[in-house]
Structures are given as structure tokens and as C-alpha cells.
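Notes for the one structure printed next.
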Amino acid sequence: MIRKPEIRTYPSLEDLSRAAADYICETAEEAIKERNIFTLVLSGGSTPRLLYEELASQPISPRIDWQRTHLFWGDERFLPPDHPDSNFALAFKSLISKVDLPPSNINRILTESRSAHAAAEAYEETLRHFFRPPAGSEEDMNFPSFDLVLLGLGRDGHTASLFPGDAALEETYRWVVAVDGATASPPVPRITLTLPVLNQADCVVFLVSGSRKKGVFEEILNNPATAAYPAARVRPSGRLLWFIDELLV
Ligand code: 6PG
């Protein structure tokens, strides 16, 4: 059963970032109370920087049990982890370097691999190991279910590194794939989670700010079934929330 998305609108990117940080904190508290672990998938681009800074600051940071919080990435550019365009570099500078997160809780996409395809295969192995069913269980792991997946929205309707018309959109088995990223900015190869993984999440939160994305956002919201945009195909069985600013309404 696909639930209706919940739209939360704020006056500014600062306000939506603060609200999203509070929501993530509440979700973390619930997940850790229920299962002693919180799995959070970070998004890239520029929008989430303020959110990450909020998560690393008072009053939010002390409320999050960082020892039981595990970070993952929804996508990554095939660049060194300290490159200014690296999604990991953004998270490291604005969040990871400021909180007491055990290094083993950081599940980075290893872009030192020999190719984006090798990095994607390695990341899938990392995820399959992390989410492996208990020894001896009959459970057959189709796709992992993250507690919360953060996503952004590109002006062309892409999300993570799932771009319009790309074959990656039709992937139904792999958890992680490489895309050539030629139409992206920066135009470098990418590694991305696939739609089945995004749609297996317990909660997906889109963060969208700026009038340039108004048209795409409205189309996705008003015509989710027909909108050709990749972001319109993120329809998790769990919760779907859009944290947006007033420039989109
Ligand atoms: C990436 C992101 C991508 C991003 C959108 C929005 O690696 O580029 O994961 O999906 O979320 O392109 O980017 P902005 O926040 O910079 O507008």
C-alpha cells in the first residue's frame, strides 16, 4: 500500500533544515528504542549542508545516540573522498567531523576503487554484509530496509544519481549501480542506490529548496503516476515526506 506523501513547508532553507534535523532526531530515537540501531542514508548536492550542520549542533546532536547510528550514502560522485564535489566530503565537513560517531558506523562508498562499477559492486557487498539475515534464519534478503533515506531533487527530476532515461531506473535486482553521470553536475561517473532499495525504506525524506525546482516538484506531486521524473518513482511502502521551502508553493 503506497501512502500519500506528507508535505511540510517552511519559510526558508534554514527553517526546513532545522525541522528536518528534528524529524531525523525523533526517528533515530524511535528506531534505537525499538531495535537498538538507526540506519540513515545521506543525500548529496548542496541542499543538505545546513541540515547536517543542524544535526551536529545543539540542541539536536546530544539527543542522537551516535554510537548506535550508522551512516550510508544514497549516491556518490566518483571522486576522491576529500574532493570539494564529493558527497562524503560534504558530510564529513558539516557533520561527521563534529560528532562522536565510531568510524565503523560510517559506510562510505569507496571511490578509490578502480572504476565506478567496482565501487558500486563493493558498496553492494558492504550493504549485503551489513543487512545479512541472522545466521540460520530462513529470511531471504531481497532489499535492505533503511530507517531513513534522505533525498534531494534535481531540476531535471533526478534523485540520488538516478537520472531521466537512464537504464539504472529499470534495475530490479542490484542494490547499487554505477551510472556515467554525463548529464549531471559535475559530469563524472556516479554510484547510486537503486529504486527498489529507496522504495524499501521505512521512511524517505526529500529536502527541496528554491524556486528553480517548483515546476518539477508540482508535476511530481500532482501527477505522481505519470510524471516521468525519477523522483516521482520513489514511492516507499513506508513514510514519504517532502520538506520544502515557500519558494516551491
Ligand atoms: C548528488 C545528489 C543529487 C542532489 C540533487 C539536488 O549527488 O548530486 O545526490 O541527487 O540531491 O542534484 O542537488 P542540490 O541540493 O545541489 O540542488
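Assorted remarks:
- One residue alone among Gly157, Gly165 is within 12 Å of the ligand (Cβ to nearest atom) and at positive phi, and that residue is Gly157.
- Index of the failed condition, Ser185 passing every other in (1) within 11 Å of the ligand (Cβ to nearest atom); (2) open to solvent by 20 Å² or more (accessible area, probe 1.4 Å); (3) within 30 Å of His129 (Cα to Cα); (4) of a type in the set (S, T, N, Q): (3)
- When region 62-77 is filtered for residues that are of a type in the set (A, V, I, L, M, F, W, C) and either open to solvent by 10 Å² or more (accessible area, probe 1.4 Å) or more than 16 Å from the ligand (Cβ to nearest atom) (or both), the ones remaining, listed by number, are Ile64, Trp66.
- If the condition is being of a type in the set (D, E, K, R) and part of a helix (DSSP H, G or I), then region 62-87 contributes Arg63, Arg68.
- As a summary of the residue check, Ser237 satisfies the conditions (1) modelled with pLDDT of 95 or more; (2) out of contact with any Phe, Trp or Tyr (no Cβ under 7 Å at 6 or more places or on another chain) except for the one numbered (1).
- Single match in Leu90, Leu110 (criterion: under 19 Å from Ser161 (Cα atoms) and assigned to a helix (DSSP H, G or I)): Leu90
- Condition check for Ser43: within 14 Å of the chain's Cα centre (by Cα), surrounded by 15 or more Cβ atoms within 10 Å (Cβ to Cβ), at pLDDT 95 or above and within 15 Å of the ligand (Cβ to nearest atom): yes
- Flag if Ser145 is under 30 Å from Ile220 (Cβ atoms), away from the ligand (no atom under 16 Å from the Cβ), part of a loop (DSSP other than H, G, I, E, B) and hydroxyl-bearing (Ser, Thr, Tyr): yes
- In region 154-176, of all residues being part of a loop (DSSP other than H, G, I, E, B) and farther than 16 Å from Arg190 by Cα, the one that is least open to solvent (accessible area, probe 1.4 Å) corresponds to Gly157.
- Qualifying residue in region 219-227 (condition: part of a loop (DSSP other than H, G, I, E, B), surrounded by fewer than 22 Cβ atoms within 10 Å (Cβ to Cβ) and touching a strand residue (DSSP E or B) at 6+ places or on another chain (Cβ under 6 Å)): no
- Check on Val208, touching a strand residue (DSSP E or B) at 6+ places or on another chain (Cβ under 6 Å), in contact (Cβ under 8 Å) with a residue 12 or more places away in the chain, surrounded by 17 or more Cβ atoms within 10 Å (Cβ to Cβ) and closer than 15 Å to Thr159 by Cα: yes
- Hits in region 25-40 (condition: away from the ligand (no atom under 16 Å from the Cβ) and in contact with a Phe, Trp or Tyr (Cβ under 9 Å, 6 or more places away or on another chain)): Thr27, Ala28, Glu29, Glu30, Ala31, Ile32, Thr39
- Selected residue [touching a Leu at 6+ places or on another chain (Cβ under 8 Å), open to solvent by less than 70 Å² (accessible area, probe 1.4 Å), within 16 Å of the ligand (Cβ to nearest atom) and part of a loop (DSSP other than H, G, I, E, B)] from Ala201, Ala231: Ala201
- Taking the conditions (1) surrounded by fewer than 14 Cβ atoms within 10 Å (Cβ to Cβ); (2) free of Cβ contacts under 8 Å to residues at least 24 places away in the same chain in turn, Asp100 satisfies each one other than (2).
- When Pro81, Pro48 are screened for being closer than 17 Å to Val205 by Cβ, surrounded by 15 or more Cβ atoms within 10 Å (Cβ to Cβ) and modelled with pLDDT of 95 or more, only Pro48 passes.
- Residues satisfying the criterion are present in region 6-19 (criterion: closer than 20 Å to Lys213 by Cα, open to solvent by less than 20 Å² (accessible area, probe 1.4 Å), part of a helix (DSSP H, G or I) and of a type in the set (A, V, I, L, M)).
The values are calculated or read from the model by the stated rules, or taken from the named source; none is laboratory data. The shown structure was predicted, so the numbers you read here are calculated from the model rather than taken from an experiment. Because the Cβ atoms are built from the backbone with ideal geometry, glycine has one as well, and the counts that use them run over all protein chains shown. Calculation scope for accessible area: heavy atoms of the full protein, side chains included, ligands and nucleic acids excluded. Shrake-Rupley method; radii C 1.70, N 1.55, O 1.52, S 1.80 Å.
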